[in-house]
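The block underneath contains the structure these notes are about, expressed in structure tokens.
The values are calculated or read from the model by the stated rules, or taken from the named source; none is laboratory data. Not measured: the values here are computed from a predicted model. Note that each Cβ is placed from the backbone with ideal geometry, even for glycine, and that neighbours are counted across all protein chains shown. Protein only, heavy atoms only, side chains kept; ligands, DNA and RNA dropped before computing areas. Shrake-Rupley method; radii C 1.70, N 1.55, O 1.52, S 1.80 Å.
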Amino acid sequence: MNTPKDLRYTKEHEWVKIEGNKATIGITDFAQSELGDIVFVELPEVGDEISKDQPFGSVESVKTVSELYAPVSGKVVAVNDELSDSPEFVNESPYETAWMITIELSDEAELEELMAVDAYAALIEQ
């Protein structure tokens, strides 16, 4: 399983890349492998507010539809529109090509609740 060390993770298998007061969010390699072939991705619009632990979109695979849960709160400042036409990017490149949204953080203290790579690796080994 590919699990980059420079990212933070959630129990719901989202990853977060922190750059200043912005956070880019996607789903992990583990999540995409469990879901199978991704056929549709639904994401919020630029300008939408998302709240920690609340759904902000969904991914549909050949097996199921899964909600995406916000790992942190903030305002959506970028959306990866390529995923509308090419949802398979989530399977092919979950950390690079298939980032989902970037938000401007509204509460940086929420970052403390995210897992480092070691804690996430232990979670998926269970």
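Assorted remarks:
- Looking only at region 65-101, residues that are open to solvent by 20 Å² or more (accessible area, probe 1.4 Å), under 12 Å from the mean Cα position of the chain (by Cα) and among the hydrophobic types (A, V, I, L, M, F, W, C) come to 2 in all.
- Any pair with Cβ under 8 angstrom, 6 or more apart, that starts in region 98-116 at a residue that is aliphatic (A, V, I, L, M) and ends at one that is open to solvent by 70 Å² or more (accessible area, probe 1.4 Å) and not in a helix (DSSP H, G or I): ILE103/LYS22; ILE103/LYS75; LEU105/LYS22; LEU111/ARG8; LEU114/ARG8; MET115/ARG8; MET115/LYS11; ALA116/ARG8
- Qualifying positions in region 30-55 - touching a Phe, Trp or Tyr at 6+ places or on another chain (Cβ under 7 Å) and open to solvent by less than 60 Å² (accessible area, probe 1.4 Å): PRO44, ILE50
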